[in-house]
Every structure is written in structure tokens, then in C-alpha cells.
Ligand code: MCF
Ligand code: FE
């Protein structure tokens, strides 16, 4: 058992003062230091400096590690141009992203206080980096392919990647499944994957309604995808639509990324089935997809979390940066209210969506904790200050282990 004694502890509903934390892998007790010393006389005590704050480690629910070599290769500003640039440069980009490149991406997330991430793995090339990383990882094996003729081969490859991830046995590593998107995965493949997801109780995620091209193609096989699919895949019509896609996930809470172009009916279905929307504001802006209607999600009580997406559509993997952009983007939501919600979205609410026992400084939760050096005594607007000022993170604990 160890004891850590900060000046402040950030919890979802209040800021605790003059309380200390007794922990090993999990948080055992939160109480005044003298009480914890009596309860655990043999525990090592770490007394933190003035104006120290303990808050939960951040959770980045959606990141493409294998695309971390991108900086200037992919085209920004328009979704279709971005997609064509991915197709043209994919092999080179993924090839360039060796283990040093991936470790750098994971390190940068850790430096920014991200203690848990959801990796969307397209090829399984990131398995080793994720398996040996310091962080908790939900490892989403991606299924992709819209052509029924290819279904068996694609599914076979998916299963072997899923099996390889299931063979990793380490604390804080969770194999899971990603369906790429409604336009790129054949319903037959989705059904087969969902049988496994349900029987093995795996976490599930998908990109959903990211672009106008996706909206038009799913609605009536029109728009910018028409040319794309007919030229590249000799496919003249969509293989599914948005409502059929959502039906696959009825009664199975799923993390749906983007949803910028989702309509009222789709949002209602998302609310009814308790899905979570993953909001990646920087990615949406860089790929020319506009802004998510966060107020509509709030009005429907839809759980949403903030995430970075990959370096394929971002210049950083930094949740403080992402929250700052969101804070400016959704200017109709009162500032302090939004700041508080953003912080909850990358801690407690992300943990709930991913089914993990973390994201909160609370007895019984895993000891995933950050120590921040606030420069002054905090006030009621702490949530805003946390997002604006990028305070120094002097210590990081994951499952009770000091990582930094
Ligand atoms: O989230 C962004 C934009 N939307 C869709 N896919 C990706 C993103 N970053 C990387 N991808 C990957 C995706 O996982 O791109 C590949 C897939 O494997 C090609 S299909 C767009
Ligand atoms: Fe993505």
C-alpha cells in the first residue's frame, strides 16, 4: 500500500481539499492523511508540493497508431481528397511507421496525461507497440470490406488479427472489434463479427456518418462516393444504409465515431440504444467535415466523449489540445459547463463507454492518476483553467505504478 497526499483531488462533483489517497493497483481509501497513516502504518507516504492536484488519467478512446508517420503526406481540407491521398500513400505511410514511430506516438500520449487509449488497428502492425506500452489499451481490430466476394478472405484475416490480440495476456490490455464504417463493410461481414462480439462480450466501435459523401452514398448511392466506388471497386450502389447499419447494434452499446452528419432519426436510435458518440473536433475540421452538433446530443442525453483520432487527421495526439479546440468550437454552450463536460468526457464518461474500471479518483477504481502542478490555489473555474493552461504533469500512475 502507498499513500499520496496532494492539496487537491478532482472528482466528478467536487474538488476535495486536504485529503490523501491510499492505493496499490486500485484506490483503497480517500481520507485525511493522519487517518490513512493510522490505517496503513507501513505504507510509504508521498507528500506532494504546494498547489498539487490529483486528477484521473485521461482516456483517448479513438486513435489510429499505424498512421503515426503522417505529418504532411495526407491532404487536408476535403474528405474525398483526404481519402484519395490515403489510398495513394497508405502503403508507404504504414510502412514508414516502424516500432520507433509508434512508440513515439504512445510516448507523446503519455506525456500529455493519456493513461488509457482505444487503438483502431487496421493491420495489426501496432499490436506489439500496444501490448508492451505502459498504458491501458482497448485494442480494436478493424474489419473492412464492402465486397461480398472478398468476405471470406477478409474475415479470415480479421480473425487472425483478433486471435493474435487475444493471445496478449497483460493487465490493462483488452482485445476488441472495430467495424470500419457503414459504407465500407458488407452487412454479411458485420453479422459474422457481431456473433463473436456478443458471445465473447467484446467492446465494439465504428466510424459513423463522418462526411457528406457518406451521407449521400448511404441515402441513395449518390454523391462523391459514386465515382470512388465505381472506379476503384466496380461497385455501383451501396451495400447497406444507415438505419440497417444501426440495427446491427441494437441493444449492444457501441462507440460511434464522428456522427457529424447523423440525422434526427439516427440520433434517436443512438440515444435509445445507449451508444456513445466519439467526438474528434480537430479531425472533423481538417477533413472538411464541419462541426458536430453537440447541443443536439446534449438535448437527447446521448453520452459523448472527446478523442484525437489518428495522426492521419491530426497534428497531435493531445486531449488537452482537443478539449481546447472543442471549447472554442461549441461556442453556444456556456463556457464553464462545456469545460466540465469535456473533462468528464475524457475521464469518467470514456471509462463507462469502454467498460473500464477507471476514469475517476474514487475508492475501488484503478489507480490511474495524474499529478498536476497548478500554479495557484484553484477556484470555481478550474475546469476552464485545466483546459486553457496545460499545467505541468509531474507524476503519472497507471494501475498504481509510477510511470513518470
Ligand atoms: O478517422 C479517420 C477518418 N475516417 C476514417 N478512417 C480513418 C481515419 N484515420 C485513419 N483511418 C483509416 C481507417 O481505419 O483509414 C483507412 C481505414 O483503415 C482507410 S478507409 C478511410
Ligand atoms: Fe478514425
Open item on the list: Looking at the chain only, what percent of DSSP beta bridges run antiparallel? Nearest 5 please.
Closed with: 40
Open item on the list: Could you work out the percent of alpha carbon pairs in the chain separated by over 28 Å, rounded to a whole number?
Closed with: 47
Task: In range of the label at residue 39: residues from region 386-404 whose backbone nitrogen is under 18 Å from the point 7 Å along Cα→Cβ - done: 400
Open item on the list: With only alpha-carbon atoms in the gyration tensor, what are the semi-axes of the equivalent ellipsoid for region 352-404, in Å, largest first?
Closed with: 23, 15, 10
- [ ] Ratio to report: Rg/Rh of region 1-139, with Cα atoms as the point set and Rh obtained by the Kirkwood method; give two decimals.
- [x] 1.16
Task: Sequence ranges 154-165, 276-287, ranked by mean other-Cβ count within 10 angstrom, highest first - done: 276-287, 154-165
Open item on the list: Compute the angle between helix 335-345 and the longest alpha-carbon principal axis of the chain, please, reported from 0 to 90 degrees and rounded to the nearest 10.
Closed with: 80
Open item on the list: Show me, bin by bin at 10 Å from 0, the whole-percent P(r) of region 273-398 based on Cα pairs.
Closed with: 12, 40, 37, 10, 0
Open item on the list: To test your reading of the geometry: what angle, between 0 and 90 degrees and rounded to tens, separates the Cα axis of helix 99-111 from the longest principal axis of the chain?
Closed with: 50
- [ ] Would you mind checking the tilt of helix 187-199 against the longest principal axis of the Cα atoms of the chain, expressed as 0 to 90 degrees and rounded to 10?
- [x] 30
Open item on the list: Can you order the peptides 290-297, 84-91, 43-50 by their average number of other Cβ atoms within 10 Å per residue, highest first?
Closed with: 290-297, 84-91, 43-50
Task: Translational diffusion coefficient (Stokes-Einstein; Kirkwood radius from C-alpha pairs) of region 128-282 at 20 °C, 1.002 mPa s, in µm²/s - done: 131
Task: Alpha carbon centroid spacing (whole Å) that separates region 274-305 from region 214-243 - done: 23
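Read-outs: derived from the displayed coordinates by stated rules, not from any lab. What you see is a predicted model, and the numbers here were worked out from it, not measured in a lab. With ideal geometry, Cβ positions are generated from the backbone for all residues, glycine too; neighbour counts draw on all protein chains shown.
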